[in-house]
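Derivation of every value follows stated rules applied to the coordinates shown; laboratory data play no part. All of these numbers come straight from a predicted model, not from anything done at the bench. Neighbour counts are summed over all protein chains in view; Cβ atoms, including those assigned to glycine, are modelled from backbone coordinates with ideal geometry.
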Amino acid sequence: MSRATLDLWVGLFVALGLAAVIFLAVKVGSYSSVSRSSSYSVRASFDDIGGLKVRAPVKSAGVVVGRVGSIRLDQKIYRAIVRLDINEDYKFPADTGASILTSGVLGEQYIGLNPGGDEEVLKKGDRLQFTQSAMVLEKLIGQFMFNKAAEPPAPAR
Amino acid sequence: MNVLAATLRKLGAMAIDGVWGLGFASRFFLAVLRYSGQSFRRLPLTIREIYFSGVLSLLIILVSGLFVGLVLGLQGYDILQRFGSSDALGVMVSLSLLRELGPVVAGLLFASRAGSAVTAEIGLMKTTEQLQAMDMMAVNPLARVVAPRFWGGVISMPLLAAMFSAMGIFGGWLIGVVAIGVDDGAFWSQMRAAVDFRYDVLNGVIKSFVFGVAVSWIAVFQGYDCQPTAEGVSRAITRTVVYSALAILALDFVLTSFMFRGL
């Protein structure tokens, strides 16, 4: 096989391979993913994070603005400390609240930010004041049954 | 007593042989790296090998990728529609291909299609004393024969794996969107929301690169190390395919446990 034909085929092969990588990067993957661009991190503490995972999305009004950076347990107050990495492009008031929500019935858990009305904006290392824990199904059922038992029995007919 | 001693002796011999073989293979690997300068200075040598192990593997890689994607589309749809989340078909197909099936299946196909051919070629060159003849002419066979084949494989493998994944996603799209009727927009947008470039795509490329190094190394070493007989060459080819498959699957587990801990 002549040199030129060989070069042509290999060139075609390499071009196809690179095209596949670019296809995977641009069309399949989200290249400009929020978590990897420059972000600032704030902390929030929760009584119960439910099934929240690291890298779970942080959303405000349904728009992904960041990712959960890390989760650990504070040994002094026994609350979960969650680090939120929020994209540099998004600014939030200092009195923004965070709540753990679930997308859909079987969906993953994410953190929803509810912006407050403060003039100041959240800075790196700030701590969110208002947090709402995840809804745990067992607790809800337990509470429901407790309330049911406390009710006076229905009058017999 | 004698039996026990004989058994222990056999075990010891096996251990020593194993360590010796591993050491020889490692020294061989370092020697290939040392003499690989020529395969880049004289690029046509490497380009010829990319043609033989990469371009000629295109057909099997693309066709297998398409069919793996088609099957993933069918099976994934069957499972996902039970939970009413058939829109997530794109996520399932793309993640399973990018993270696991792309690199691993492409690696296995590459080992049996290209690795075996490299072993056979080098083994026959050794059997017909071409390698020795080169040595006599002061041409280093490691630099002239082995290193270009090694680098040809290392360069081809990640490209082939990427094409396999892309083809598989296309297959999943064909079944999911064209044949079954999953919403086209949901298919792509959910996929894009779930697949992260660095976490999923790049880790898959790293995997396929590692598999490429492993398979090429095993292939050139088995060819170079084979018994210079017809039987020896055939055994070496068998060993290339078997060892490559084992190495790919074992390395895949190790790499996966480092890359995707889920934490």
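Pairing the Cα long axis of helix A:3-23 with the longest principal axis of chain A, what angle in degrees results, from 0 to 90 and rounded to the nearest 10?
Tilt relative to chain A: about 10 degrees.
Once you put a point 7 Å from the Cα of B:Met1 and another 7 Å from the Cα of A:Arg3, both along the Cβ direction, what distance in nm separates them?
7.4
Which ³J(HN,Hα) values in Hz, rounded to whole numbers, follow from the phi angles of region A:55-65 under the Karplus curve 6.51 cos²θ - 1.76 cosθ + 1.60, where θ = phi - 60° and Gly and Pro get x?
Here the 3J(HN,Hα) series is 6, 5, x, 10, 10, 10, 6, x, 8, 6, 10 Hz.
Pairs to check: A:Lys53/A:Lys91; A:Lys59/A:Lys123; A:Lys59/B:Lys207. Give those whose C-alpha atoms are more than 20 Å from each other in this structure.
Violating the 20 Å limit, Cα to Cα: A:Lys53/A:Lys91; A:Lys59/B:Lys207.
Could you tell me how many cubic angstrom of Cα convex hull volume chain A has per residue?
230
Under 19 Å from a label point 7 Å along Cα→Cβ of B:Ala13: give me every residue in region B:206-246 with its amide N that close.
From region B:206-246, the list is B:227.
With the dipole of region A:36-137 worked out from charges on the C-beta (+1 for Lys and Arg, -1 for Asp and Glu) around the Cα centre, which of A:Pro93, A:Ala80, A:Gln129 lies farthest toward the positive end?
Value computed over the given set: A:Ala80.
Using all C-alpha to C-alpha distances in region B:1-124, build P(r) with 10 Å bins and read off the rounded percent in each one.
Reading the bins upward from 0: 10, 22, 23, 19, 16, 9, 1.
Hey, got the dipole for region A:46-94? About the Cα centre, +1 on K and R Cβ, -1 on D and E Cβ, debye to the nearest 20?
It comes to approximately 120 debye.
Treat the count of other C-beta atoms within 10 Å as a stand-in for reagent exposure and order A:Ile141, B:Ile180, B:Ile218, B:Ile155 from fewest to most.
A:Ile141, B:Ile180, B:Ile155, B:Ile218
Which angle from 0 to 90°, rounded to the nearest 10, does the C-alpha axis of helix A:137-150 make with the longest principal axis of chain A?
Long axis of A:137-150 versus the principal axis of chain A: about 10 degrees.
Under a plain spin-label model, where a point goes 7 Å from the Cα along Cα-to-Cβ, how far apart in nm are A:Thr102 and A:Ser41?
Distance between the two pseudo-spin positions: 2.8 nm.
Could you estimate the translational diffusion coefficient of region B:35-260 from the Stokes-Einstein equation, with Rh from the Kirkwood formula over C-alpha pairs, at 37 °C and 0.692 mPa s, in whole µm²/s?
Calculated translational D: 177 µm²/s.
Out of every Cα-Cα pair in the protein assembly as shown, what percent are more than 41 Å apart?
Pairs farther apart than 41 Å: 37 percent.
Report, by chain and number, residues whose modeled amide H sits under 5 Å from the one on A:Phe92, excluding near sequence neighbours (fewer than 5 apart, same chain).
So A:Phe92 has HN proximity to A:Leu122.
Using the Kyte-Doolittle scale, which helices in chain B average at least -0.5 and also have C-alpha atoms spread 18 Å or more along the helix axis, with helices defined as whole DSSP H runs?
B:2-34, B:58-80, B:147-173, B:203-225, B:230-259
Which order do A:Ile81, A:Ile22 fall in if you start with the one that has the fewest other Cβ atoms within 10 Å?
If I rank by nearby Cβ atoms, fewest first, I get A:Ile22, A:Ile81.
Taking 2.2 N^0.38 Å as the expected size of a compact globular protein, what ratio does the Cα radius of gyration of region B:160-211 give against it, to two decimals?
1.29
Of B:Phe253, B:Phe83, B:Phe110, which is the most mobile in a GNM of chain B whose springs link Cα atoms less than 10 angstrom apart?
Looking only at B:Phe253, B:Phe83, B:Phe110, the largest GNM fluctuation is found for B:Phe83.
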